[in-house]
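The structure appears right after this line, and notes come after that.
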Amino acid sequence: MSVHAFETMGTMVSIRIADTALSERDAQAAVTAVEQECGRLNEKFSLYRDDSELSQIARGELTLANSSDDMRTEYARALEWREKTDGAFTPHRPDGVIDLNGTIKAVAIDSAAQILTQAGFQNFSVNVGGDLTTSGDQSPEEQGWITGIVDPADRAVMLAAVRVTAEFPAMATSGTSERGEHIWARPETTTDFVQATVMAGDIITADVLATAIISGGQATLDQITQNFAVAVLTVAPDGALQANARFQELVAR
Amino acid sequence: MRAGTAFFAGLGSAAIIAVGWQAGVGTLVSSLPQSQAAASGTTTTAASGTAGTGADEWGNVPTDPLTTPAADAPAAPAAATGGVTNGTFDGAVINTRYGAQQVQVVVAGGKLTDVVVLQTQTADRKSQQISSRANPILREEALTAQSAKIANVSGATYTSQSYMQSLQSALDAAGFTG
């Protein structure tokens, strides 16, 4: 097991590689490639950078029609998710500015996993700021990747530990306990949950749906557990937990 | 008791079964007010009254013995002898709007002593909707892996600064070797 951590996009990336067949040098090369990809996405999509393409669009200096293919592809992807979540997820800030933070971090995680896979690694996890995707097993003895979920009331404590496997290799947690979540609330946004964790087949689905549950509350949670193949755990302001059946089955024992 | 309404409603032949049930276990009839609605051919009561509670949130059938009329088997031997036959009887598999259901009834000493749900499975979209819901759970149910080898931590996005105080950074610093 090797662990690689670096800073990007205002947060930290932790990559764990459990493959023993490939060398540490191979791992380092792949991690460097991941770092470059995260940097590229940040330069293009960050609203914290005045020189990013998205900041130019936000200032009205560049129109979407004249923006890069990447930009229009990601904007279209985010709009698609707005449709799928009945607007609980949206790529627009209340002031109308396009904000793709809700999907770009997940896109970065997805790209990182592809880079590692293409480099020949089969057993790894990529965790960016608390959202992650995995491949294979964390060790020959331990199937999948055992992942703890933080208690929003005390971030030094875990609420749950679940086994992340090929069925749902990705997990994302959204909440109101840290800034930078970029959940752009509709006027009627609820305060039903302070944290939502979604396990899904891919990290973009997991991340968007976790955000949508925080934004849309119980009604959105019901809609999502009905319409998507996911495992879900939510935390209410009073600490009460809700989980669907699949989540409970994935609790690591 | 209320569970019976929806159960009948989803069941075209409920009336016949209910009548057979009444004949076989006469002492229970007075406890089955819903069976009258079913016997009169009412099949639209699912949307009224307490019908929505016909199955619980997990899509399970009602298990109250007095309102579970699906077991038509005991009615046959009972009718043949004109009394109550002791024994264990499997009901027919019946498709309800909550999925296929089957119950087993146990009659001892001339009295119904037990009803066991033999088969429950979600079949249609409605029952999937019910069983896929997120329900309250206890923390102990969620965290049973105190000794598990936790490789990662998921939480609301931490910043570069708050990462230093995070469980993830502790795992990273330890160079997790699980």
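The values are calculated or read from the model by the stated rules, or taken from the named source; none is laboratory data. Just so it is clear, the model here is predicted, and its values are computed rather than measured. With ideal geometry, Cβ positions are generated from the backbone for all residues, glycine too; neighbour counts draw on all protein chains shown. What goes into the accessible areas is simple: the full protein's heavy atoms, side chains included, and nothing from ligands, DNA or RNA. Shrake-Rupley method; radii C 1.70, N 1.55, O 1.52, S 1.80 Å.
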Could you list, in sequence order, the residues of segment A:105-144 that are within 14 Å of chain B (Cβ to nearest Cβ), in a helix (DSSP H, G or I) and open to solvent by 10 Å² or more (accessible area, probe 1.4 Å)?
A:105, A:113
Of everything in segment A:145-160 that's within 7 Å of another protein chain (Cβ to nearest Cβ) and either open to solvent by 30 Å² or more (accessible area, probe 1.4 Å) or of a type in the set (Phe, Trp, Tyr) (or both), which residue is nearest to the chain's Cα centre (by Cα)?
A:145
Over segment A:1-27, the set of residues under 20 Å from residue B:168 (Cα atoms) and surrounded by fewer than 16 Cβ atoms within 10 Å (Cβ to Cβ) is A:6, A:7
Number of the condition not met by residue A:103 [criteria: (1) β-branched (Val, Ile, Thr); (2) under 24 Å from residue A:191 (Cα atoms); (3) in contact with a Leu (Cβ under 7 Å, 6 or more places away or on another chain)]
(3)
Residue hits (segment A:202-253; open to solvent by 40 Å² or more (accessible area, probe 1.4 Å) and aliphatic (A, V, I, L, M)) are A:219, A:229, A:240
Candidates A:69, A:95, filtered to the one that is of a type outside the set (S, T, N, Q) and within 30 Å of residue A:30 (Cα to Cα):
A:69
